[in-house]
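What follows is a single structure, written as C-alpha cells, with notes after it.
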Amino acid sequence: MSRNTIFLTCSILLNLLLFHSWYFHGQWEQSWTKSATAEAEFVASISCSGHGRAFLDGSILDGKPVCECNACYGGPHCSVFLPECIADADSGDPMFLEPFWLKHAASSTIVVPGWHRMSYEFNDDSLISKELDAQIRKLHAVIGNAVTDGRFIIFGVGATQLLHAAVHALSTTNHPSSPSRVVASTPYYPIYKEQTEFFNSEDYKFEGDTSLCNNNSGYKGNFIELVTSPNNPDGQLKKAVLQGPSAKTIHDFAYYWPHYTPIPALADENLMIFTLSKLTGHGGSRFGWAIIKDEAVHQRMLTYMNLSTYGVARETQLRVLKLLKVAVENEGKEMFKFGYQTMRNRWRKLSKTMSLSKRFSIQELETQFCSFSEKVRGATPAYAWLKCEREEDKDCNAVLHSVNITGRHGSLFGAESRFVRLSLVKSDDDFDLLLKRMGTLVSQENNNDGINKIMTHTDEFIGTK
C-alpha cells in the first residue's frame with residue numbers, strides 16, 4: 001500500500017471520527033446552555049399570582065428567587081391587594097407591553113456566555129453592531145416612520161444621553177458671551193430643562209418656551225429647538241416653530257410608533273432621536289439611537305458618546321438586536337397590533353369615564369390616515385393631559401391626591417398647575433386602579449344615580465381587556 005493511500009485512508013477515518021463525535025456528542029459539548037436555560041425557566045415558572053414577577057437577579061429567600069410585586073399588591077405570591085395604596089400614574093414605565101413578551105418568550109430569549117464580546121470594540125474598531133444598525137434601518141422601513149437611507153446612526157444609553165449629545169453637537173462653541181438658547185414649546189418634556197440646566201455649560205442654556213423667543217425680536221443668537229412628536233405630555237403631533245439659519249432642531253420621536261399615533265408620513269428631519277423603551281417597553285435596557293443627516297454633527301455626537309460612556313454595552317446591543325427581530329416579524333403586524341389595541345382600549349375607557357365629568361377634561365386628538373395600518377385611525381396616546389376645570393382647583397395634582405392618585409405636576413412641563421400628566425403605559429394593574437380611582441373622583445360630582453352609573457361603567461371597562 002502506497003504512502004498516499006495510507007494517508008488518504010487515515011484522513012477519511014479521522015474525519016469520520018470527528019463527524020461521529022460531533023453528531024452523537026454535540027449535545028454534551030453544548031451542555032453549558034442547558035443549565036442557563038433550566039435556571040431561567042425555573043425562575044419564570046414561579047407563580048406571582050399575575051401581579052408580579054420573579055427574576056434571575058432578584059432577592060433570594062430559602063434558595064429561591066422571591067416575587068417582586070406590582071404596586072398595590074403584596075404577600076409572598078403578590079396575591080394580597082393593598083386597598084389604601086397610591087395609584088401611581090406619574091412614571092412613564094412602559095410595562096403595558098410585558099404580556100406580549102411573555103407570549104414570545106422563546107423567540108425573544110438570548111443566552112450570553114461569559115466570553116461574549118469582551119473587547120472594548122467590534123472587529124472593525126467601532127462601538128456599534130453593524131447587524132443592529134441594519135436591523136434598525138429595516139425596522140423604520142417596515143413601519144414607514146423615518147428615512148434612514150444616506151443617514152448616520154449612532155447608539156446611546158437611552159434617549160436621555162442622546163438628547164444631551166445632540167444639544168452639545170448643535171451648540172455654539174467658544175462663545176461664552178452668546179451661548180445657544182435651548183427652547184421647547186409648552187408643554188414640554190421636563191428633562192429638556194432639567195438636563196440642560198444640570199450640565200450648566202457655557203455653550204448653551206435653557207431659555208424656556210419657544211413662542212416667547214419667536215415673538216420677541218430682542219432675542220438674538222443661535223437657537224436649538226427641541227420638538228417632541230407626538231408630544232409628551234399631550235400626544236399632539238408637533239413641528240418646529242423656529243426657522244432660519246440661526247435655528248437648529250432636534251426631533252424627539254420617542255412616541256412616533258403605531259402604539260401611540262397614526263403614522264401620517266416618513267419623518268425626514270436633520271436630527272431624529274428614538275428610544276427602545278417606548279418601542280418595545282424595555283426601559284431598563286437603556287438604549288436609544290439617533291438618525292443624523294449632517295456628517296459634522298454626527299462626528300460631534302460620536303465624540304461626546306465616546307468620551308462619556310465609550311459606547312453602549314455589547315450585551316445590550318445583542319438583546320436589542322433580538323428584540324427588534326421579533327418586532328419586525330410578519331412586517332411588524334403582531335407587536336404593533338398588540339401595542340395599538342392595548343393603548344386604544346385604555347384611551348377609550350378613560351375617555352368614557354372623563355366624558356361624564358364637567359370638573360375634568362383631557363386632550364382631544366385628531367384622527368388621521370396611518371400609512372402603516374393603511375386606514376384612518378385616532379391617536380392612542382401614552383399619557384392623558386388632564387385639566388382641572390374648576391377655578392378653585394388650581395393644584396390639580398392635590399385634587400387627585402384626595403383619592404390616592406398621583407400624576408406628574410403640570411408645572412414641570414412649563415404649564416399651569418391645573419394640568420396633570422397621567423401615565424397610561426404602565427401595567428394592567430396600574431391602569432385598572434387608576435381608572436377605578438378616576439371613576440370615584442368623577443362620581444363625586446353627581447347624585448347617587450350618577451354615582452351608580454359611573455361605577456357600573458368603570459367596573460365594566462376594567463373587566464374588558
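The values are calculated or read from the model by the stated rules, or taken from the named source; none is laboratory data. These figures come from a predicted structure and were not determined experimentally. Backbone-built Cβ (ideal geometry, glycine too); neighbour counts: all protein chains shown. Side chains included, ligands, DNA and RNA excluded: accessible areas come from the protein's heavy atoms. Shrake-Rupley method; radii C 1.70, N 1.55, O 1.52, S 1.80 Å.
Does anything in region 263-302 have its amide N under 12 Å from the 7 Å Cα→Cβ label point of E131, and if so which residues? Correct set: none at all. Working from Cα pairs under 8 Å separated by at least six residues, relative contact order for the chain is 18 percent.
Cβ-Cβ distance of T160 and K64, R₀ of 25 Å, FRET efficiency by 1/(1 + (r/R0)^6): the value works out to about 0.10. Using a probe of 1.4 angstrom and keeping all protein chains present, the accessible surface of the chain works out to 51 square angstrom per residue.
For the chain, the residue among S59, A89, L226 whose Cα projects farthest onto the positive side of the dipole built from Cβ charges is L226. Net charge dipole, the chain: roughly 780 debye, given to the nearest 20, about the Cα centre with Cβ charges of +1 for Lys and Arg and -1 for Asp and Glu.
Short to long, the 10 Å bins of the Cα pair-distance histogram for the chain hold 4, 17, 25, 24, 16, 7, 3, 2, 1, 0, 0 percent of all pairs.
About the centre of its Cα atoms, region 130-331 shows a dipole size close to 280 debye [charges on the beta carbon of Lys, Arg (+1) and Asp, Glu (-1) only; nearest 20 debye]. For the pair region 73-139 and region 419-433, the centres of their Cα atoms are 20 angstrom apart. FRET efficiency for the pair E315 and A265, taken as 1/(1 + (r/R0)^6) with r the Cβ-Cβ distance and R0 = 35 Å, rounds to 0.50. Which value does Rg/Rh take for region 344-436 over its C-alpha atoms, Rh per Kirkwood? Rg/Rh for region 344-436 comes to 1.00. Here the accessible area of region 218-357 is 48 percent carbon and sulfur, with a 1.4 angstrom probe and all protein chains present.
Take every pair of alpha-carbon atoms less than 8 Å apart whose residues are at least six positions apart; their mean separation over the length of region 130-331 yields a relative contact order of 29 percent. Ligands, DNA and RNA excluded, the heavy atoms of I128 present near 30 Å² of accessible surface to a 1.4 Å solvent probe. Set the Förster distance to 30 Å, then compute FRET efficiency between L82 and E194 from the Cβ-Cβ distance, nearest 0.05. Taking R0 as 30 Å, the efficiency between L82 and E194 is 0.45.
Here region 130-331 yields Rg over Rh of 0.96, to two decimals, using C-alpha coordinates and the Kirkwood radius.
Projecting the Cα atoms of W347, G378, L441 onto the dipole axis of region 333-461, where Lys and Arg carry +1 and Asp and Glu carry -1 at the beta carbon, places G378 farthest toward the positive end. For the pair T37 and N306, label points projected 7 Å from Cα toward Cβ lie 4.2 nm apart. Over the C-alpha atoms of region 36-108, the Rg to Rh ratio, Rh being the Kirkwood estimate, stands at 0.99. Here, region 262-365 yields an orientationally averaged convex hull projection of 9.7 nm² when only Cα atoms define the hull.
Over the residues of region 115-166, compute the C-alpha Rg and express it relative to 2.2 N^0.38 Å. Before the final figure, lay out the partial values.
On the way: Rg = 13.1 Å, N = 52, 2.2 N^0.38 = 9.9 Å.
So region 115-166 has a normalised radius of gyration of 1.32.
Taking 0.36 nm per residue of sequence separation and removing the Cα-Cα distance, the N123/A44 pair yields an extension gain of 24.9 nm. The accessible area of K333, taken with all protein chains in place and a 1.4 Å probe, comes to roughly 120 Å².
Its Cα centre serving as origin, region 333-461 has a Cβ charge dipole (Lys and Arg +1, Asp and Glu -1) of approximately 320 debye. Ranking T303, V241, I191 by how far each Cα lies toward the positive end of the dipole of region 130-331 (charges on Cβ) leaves T303 at the top. Sparsely packed loop sites in region 134-243 (the chymotrypsin sites (Phe, Trp or Tyr not before Pro) outside DSSP H, G, I, E and B with at most 15 other Cβ atoms within 10 Å) comprise Y219.
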